[in-house]
Amino acid sequence: MNSFIKFINDFSLSNSIADILKNPTAIAALAGLLIILIVLLKVKKVKFTTRIITQIGLALALTAVLSLFKIYELPNGGSVTFGSMIPVLLIAFFYGPEIGLITGFLYGIISLILGPWIVHPVQVLFDYPLAFMALGLAGFFKNNKYLGAIVGIFGRFICHYISGVVFFASSAPKGQSPYLFSLIYNGSYLSIDALICLAILAILPLKQLYTIVNKSKY
């Protein structure tokens, strides 16, 4: 009898897993939550000093201000700004990927509050916390600011791309693949935003800036 009950439970569990794997929204949700969980576990090991917390706060405030100055904005969300990703990238370069990831995550929450574009809870996860958290990947390449920025921004693009394929397929022109639509839509503004960030990074002396920032007393 016990063996039969165990078989029924295992069969029900396998069916539930099979149902989840057939649902792209469920897969996206599980993947997104797993990524956030891994990052949070990594961040728990980081020692946040008063200086670092202050600089994260300044970076978030500056990013929020820069994001308000938009060169143009697309109808379903997404815009080209005057380098609004730069402060998060700098935090990642200065203090490494863990602190960069959490800074990006926090800005994703702020961005959601300032200008929400919501069609589904999982879409919110990919278009806000996960997308901006990906900018922290730049911290893995702190010795190559251009490569770091490209990797971080590409990580953000991947999050928006997944969101576009899964949740904005209905916005695609008739007959156009949602994969191509999401590629064109998200690439159209992020590619320009990336070029602006790279141009700004080209004139920013990161080593001198880091020295100046860490000499400040607060």
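Please treat every number below as a calculation from the coordinates, not as lab data. Here the structure is a predicted model, which is why all the values come from computation and not from measurement. For neighbour counting, all protein chains shown are included, and Cβ atoms are generated from backbone atoms with ideal geometry for every residue, glycine included.
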So what is the 222 nm mean residue ellipticity for the chain from helices alone, if each DSSP H run of at least 4 adds -39500 (n - 2.57) and you divide by all residues, rounding to the nearest 500 deg cm²/dmol? -24000 deg cm²/dmol
Options Ala131, Gly104, Ile27, ranked by Cα towards positive dipole end of the chain, top entry (Cβ charges): Gly104
Using the crude model of +1 on Lys and Arg Cβ and -1 on Asp and Glu Cβ, and no other charge, please compute the dipole size for the chain relative to its Cα centre, in debye to 20. 800
Find how much the distance from Phe82 to Leu40 grows on full extension, using 0.36 nm per residue of separation minus their present alpha carbon separation; answer in nm with one decimal. 12.1 nm
Which ³J(HN,Hα) values, rounded to whole Hz and listed in residue order, are derived for region 54-70 from phi using the Karplus coefficients 6.51, -1.76 and 1.60 in 6.51 cos²θ - 1.76 cosθ + 1.60 with θ = phi - 60°, glycine and proline given as x? 5, 5, 4, x, 5, 5, 5, 5, 5, 4, 4, 5, 5, 5, 6, 8, 9
Which residues' amide hydrogens lie under 5 Å from the amide hydrogen of Gly78, considering only partners 5 or more residues apart or on another chain, with H built in the peptide plane? none
From the backbone phi of region 34-47, what are the Karplus-calculated ³J(HN,Hα) couplings (6.51 cos²θ - 1.76 cosθ + 1.60, θ = phi - 60°) in whole Hz, Gly and Pro given as x? 5, 4, 4, 4, 4, 5, 4, 5, 5, 5, 4, 8, 8, 8
Here, region 106-203 modelled as identical Cα point scatterers in vacuum has Debye log10 I(q)/I(0) at q = 0.22 Å⁻¹ of -1.14
With only alpha-carbon atoms counted, please give the Rg and Dmax of the chain, in Å. 19.9, 73
For the chain, the longest stretch holding no trypsin sites (Lys or Arg not before Pro) located in a DSSP loop with at most 11 other Cβ atoms within 10 Å is which? 48-173
